[in-house]
Amino acid sequence: MLRLGLTGGIGSGKSTVAALLKEHGARLVDTDAIAHELTAKGGAAMAAIAERFGPHVLSVDGALSRAAMRELVFQDDQARLDLQGILHPLVGKHAALQAESARLAGVACVVFDVPLLVESGHWRSLLDRVLVVDCSEQTQVSRVLARNGWEESAVRRVIGAQATRAQRRASADAVIFNDGLGLQELGLHVAHLAETFGL
């Protein structure tokens with residue numbers, strides 16, 4: 001079973017590529033979705049998060065307030081490291097369970113969708129190949145503004161906190177430059193890569 005890491009900066013189109021790889025038969029392990037589950041009401045990470053950060057990072061129903069936490073971790077590096085210390089081991093455990101389930105089912109390729117693959121430092125050693133979805137910073141900003149309705153300054157802060165495009169490309173075995181591609185053209189790129197990945 002091929003263990004393929006998929007990463008890219010915010011607004012790069014990584015989620016679209018993940019969906020296309022699923023269409024070719026890959027099993028997707030979405031670490032962001034796992035983190036959402038862990039930080040939902042009653043999620044496995046919430047007791048430790050509440051103890052470390054207090055009630056102001058919780059929503060009214062007891063889930064993580066992602067907006068409040070995002071604001072906090074951009075101002076406080078230690079808070080970011082502490083949050084990662086709580087979440088990353090739990091995400092890794094759940095991802096490993098999902099991958100093992102895929103292996104037992106005879107899946108040829110598991111795609112680990114990891115937004116912070118390069119930043120985390122430990123994911124690369126767990127993967128056979130890494131696919132990076134890349135695009136220009138202005139394209140990232142335009143896509144996120146259209147999709148999320150954030151302020152441009154907030155988008156640029158997120159980009160600045162992530163690995164650089166050069167760092168991501170340096171970690172890659174394959175790169176899709178997703179700037180100006182229509183969905184059909186992007187699909188052709190993914191189809192070609194899927195074949196090389198045994199799908």
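I need the helices (runs of 4 or more DSSP H) fully contained in the range 97-199, keeping only those with at least 3 residues that are closer than 26 Å to D77 by Cβ and touching a residue at least 24 places away in the same chain (Cβ under 8 Å).
Numbers: elements: 117-120, 137-148, 152-161, 165-170, 183-196.
Answer list for the range 97-199: 117-120, 137-148, 152-161, 165-170.
When you check L97 against the structure, is it under 18 Å from the mean Cα position of the chain (by Cα) and exposed (fewer than 13 other Cβ atoms within 10 Å of the Cβ), yes or no? Show your work before the answer.
Working: under 18 Å from the mean Cα position of the chain (by Cα): yes; exposed (fewer than 13 other Cβ atoms within 10 Å of the Cβ): yes.
Yes; evaluated as a whole, the condition is true for this residue.
Which residue is modelled with the lowest pLDDT, if the candidates are limited to the range 110-126 and must be buried (at least 21 other Cβ atoms within 10 Å of the Cβ) and hydrophobic (A, V, I, L, M, F, W, C)?
W123
Test of understanding: among K22, K14, which residue is in contact (Cβ under 8 Å) with a residue 12 or more places away in the chain and open to solvent by 70 Å² or more (accessible area, probe 1.4 Å)?
Exactly one of K22, K14 is in contact (Cβ under 8 Å) with a residue 12 or more places away in the chain and open to solvent by 70 Å² or more (accessible area, probe 1.4 Å), namely K22.
Failed condition for G43, given (1) open to solvent by less than 70 Å² (accessible area, probe 1.4 Å); (2) touching a residue at least 24 places away in the same chain (Cβ under 8 Å), with all others met?
With (1) open to solvent by less than 70 Å² (accessible area, probe 1.4 Å); (2) touching a residue at least 24 places away in the same chain (Cβ under 8 Å) applied to G43, the lone miss is (2).
Residues of the range 3-18 being at pLDDT 95 or above and among the aliphatic types (A, V, I, L, M), which ones?
Across the range 3-18, the qualifying residues are L4, L6, V17, A18.
Quick one: L193 ticks every box in (1) surrounded by 18 or more Cβ atoms within 10 Å (Cβ to Cβ); (2) touching a helix residue (DSSP H, G or I) at 6+ places or on another chain (Cβ under 7 Å) bar one, so which box is it?
(2)
Just one of G182, G149 is farther than 26 Å from R66 by Cβ and exposed (fewer than 15 other Cβ atoms within 10 Å of the Cβ); which is it?
On the way: G149 fails: farther than 26 Å from R66 by Cβ.
Result: G182 is the single residue among G182, G149 that is farther than 26 Å from R66 by Cβ and exposed (fewer than 15 other Cβ atoms within 10 Å of the Cβ).
Answer with yes or no whether A44 is aliphatic (A, V, I, L, M), under 20 Å from the mean Cα position of the chain (by Cα) and in a loop (DSSP other than H, G, I, E, B). Spell out how you get there, then give the answer.
Details: aliphatic (A, V, I, L, M): yes; under 20 Å from the mean Cα position of the chain (by Cα): yes; in a loop (DSSP other than H, G, I, E, B): yes.
Against the criterion (aliphatic (A, V, I, L, M), under 20 Å from the mean Cα position of the chain (by Cα) and in a loop (DSSP other than H, G, I, E, B)), A44 qualifies.
The values are calculated or read from the model by the stated rules, or taken from the named source; none is laboratory data. Computed from a prediction, not measured in an experiment: that's the story for all the values here. Cβ: placed from backbone, ideal geometry, glycine included. Neighbour counts: every protein chain shown. When the accessible area is computed, the model is the full protein with side chains, heavy atoms only, and any ligands, DNA or RNA have been set aside. Shrake-Rupley method; radii C 1.70, N 1.55, O 1.52, S 1.80 Å.
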